[in-house]
Structure formats: structure tokens, C-alpha cells
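The values are calculated or read from the model by the stated rules, or taken from the named source; none is laboratory data. Keep in mind the model is a prediction, meaning the values are calculated, not measured. Ideal geometry is used to build each Cβ from the backbone, glycine not excepted, and the neighbour counts take in all protein chains shown.
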Amino acid sequence: MLPVTEPHRPRWSVVVPVHDCAGYLALALPEVVAQLGGRSDVEVVVVDDASSDDPAAVVDRLGAGRVTYVRLPVNLGAIRTFNRCLLLARGELVHLLHGDDEVLPGFYAAMEQALAAEPSAVAAVCRAEDVTADGTPTHTTRSYRHGTGVWTDALDSLALSNRVRAPAIVVRRSAYEAVGGFDTALPHAADWEMWARLAAHGPVVFVDEVLARYRRHAASDTSARVRSGANVRERVTATEAVLAHLPAPRRDGLRRRAMAYAAVFAGRTALQLARTGRWRAAAVQSREALRCLVVLPRGGRARPA
């Protein structure tokens, strides 16, 4: 359980975990400062997980005197760093913005407005675009409702797949305090399990606008796991952790759909890799797709995302 220790909190905490991505931080930080730098009820904190590059210099150059820099003495890894970020965040609204992702103009205003309109909501989620290392858009996440409002089937949707890009969610600090930190036993799916845990705890608002950018690049942990197939294997493991947040009568049907979707996901990834000539990684993803079909509970059918 996260401690409740701050009686007079800022409205916003934007906490930016970084590790060896100072170049991308230089792209992300100016937009955060542009949107929030003029407010007195905001804190922006860059948390450096013992990088070998120099994010401190980026903060000095682009932080406009509004950004705090914290360097961890030893490398904790991604999930433990995320939990350290939550402990450092004092604001009522917490945005955990990975250092290689970005927000688009209007992000903070739209998310704050959405949460103000739904006082019982634990979090707000917007649409996002996936981009390459150089910022070229490759995909835009779908709308889960028309117009901004409560995402009524958020938990069922999250039982099938991680529908939320990390830079596209803002969480009330009180909700993080209630549900606890990220699960370190899921080093590559802790965010997915966290979003499901939050959706089980209370309503989630969906903001039907593309307001964040999620970067996929060769140096990212995500890309390394795609090459080894670990992304799909942990997806299967994480499915059970996510399903645990649903009532028992709904689990079996959703489990079948989740495993079928995992197979579809791996197959699509294999096709995308093959189209760009990454044959070895494509073969790995194809193998993982077949494994998902082998363990698919009887009666399961693939269902499009």
C-alpha cells in the first residue's frame, strides 16, 4: 500500500522515468513544460534509473527551471523505478510518462477535464499513436467509445489485451494508494495488470482523442522481447493475473478469447516483421502464435482486436 503523507498536494505530478534515453527525453520534456510550466500547482520530476547518458543536462537545458531531477544510486529496472516514481509523486493526478514517449498538445487539459466531469473515476485514458524511433506514426489505437465518457467495459476489454498505451493514462493518486504499486513479478506486463487492477477498483474515463505518442524502437525493451518471443510468453502468464480481477463466472469465456487474441497478436506481429525482412523474429512470433493455439481452451475462437 502506498503511504498517504501529503495533506496539501499539487494538482498534477508528471513523473518521467528514464534510462539511457536522454535524446528522447529532449523530445518529450518541452511539450510537458509548454502545457504545465505556467501553473503553480504542478510538479514535474525526472527519475533517472542510473543512466549511462546525461538526462540531467537535458533537464537543465529544457526544464525551464520547473523540472526536478532525481538520480537513483543504482539501477532498479523499469518496474521498481515506476514504483519509486509513484512514491515521489505528490499530486492528486499522476502521469507516469516514460522518457521515450510523448504527449501531444492539449493532453493535460483534456485529461483533467475528463476526470473533473467524472469525480468517481480512478483514471482517464486517451487514444495514442505508435511511432518509430524517428517519430514516424505507424498505428493509432482505436476508440473504445464515441466521445469522452465512462469506458463501461474497460475491465472486460483489458482481460483480452493491454488496450492502454503507457503515456495515455492519468491516474488519481488516491487510486494508486488504494490498489498499491506495480507488480514486480510481472517485469514486462506490470502496466497491463495495473490498468486492470484500477479498472476493477473503479470507473475509467475514456477520452476519445489522440493525445499521446508511444515510441517503439530497436533499443527498447519491447523490441528485445519481440525478437525472443518473451512478449507473447509473458502475455500468456499475465493473462491469468489480469483475469483474477474479474468475477469467476466471467473468467472462462474471457480466458478463451484472451488466448485466441494472443495468437492473433503474435501472428500479426510475425507478419509485420516479415514485411520488413526481420525473418528470424517473424519465425519466433509465429512459433509463439502456434503455442497459444495449442493451449487455447476448448471452444476458443480468435476475435479481432
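Wholly within the stretch 118-180, which strands (runs of 3 or more DSSP E) include no fewer than the required count, namely at least 1 residues that are in the same structural domain as ALA28 (by TED's automatic domain parsing), surrounded by 18 or more Cβ atoms within 10 Å (Cβ to Cβ) and out of contact with any Ser or Thr (no Cβ under 7 Å at 6 or more places or on another chain)?
Output list reads 123-131, 169-172.
Among (1) more than 14 Å from the chain's Cα centre (by Cα); (2) surrounded by 24 or more Cβ atoms within 10 Å (Cβ to Cβ), where does ASP208 come up short?
With (1) more than 14 Å from the chain's Cα centre (by Cα); (2) surrounded by 24 or more Cβ atoms within 10 Å (Cβ to Cβ) applied to ASP208, the lone miss is (2).
Take the stretch 29-85 and flag every residue that is under 25 Å from ARG173 (Cα atoms) and in contact with a His (Cβ under 6 Å, 6 or more places away or on another chain).
ASP49 - this is the single residue of the stretch 29-85 that is under 25 Å from ARG173 (Cα atoms) and in contact with a His (Cβ under 6 Å, 6 or more places away or on another chain).
Name the one entry in THR152, THR132, THR81, THR68 that is without any contact (Cβ under 8 Å) to a residue 24 or more places away in the chain and over 13 Å from the mean Cα position of the chain (by Cα).
Only one candidate passes the filter, namely THR152.
Identify the residue in the stretch 211-231 that is at pLDDT 90 or above and hydrophobic (A, V, I, L, M, F, W, C) and, among all such residues, is surrounded by the most Cβ atoms within 10 Å (Cβ to Cβ).
Per the criteria, the residue is ALA212.
Out of all the residues in the stretch 19-33, which are surrounded by fewer than 18 Cβ atoms within 10 Å (Cβ to Cβ) and either touching a residue at least 40 places away in the same chain (Cβ under 8 Å) or among the hydroxyl-bearing types (Ser, Thr, Tyr) (or both)?
ASP20, GLU31, listed by residue number.
So, in the stretch 34-57, of the ones that are closer than 12 Å to VAL103 by Cβ and hydrophobic (A, V, I, L, M, F, W, C), which residue ends up surrounded by the fewest Cβ atoms within 10 Å (Cβ to Cβ)?
Looking at the filtered set, the residue picked out is ALA34.
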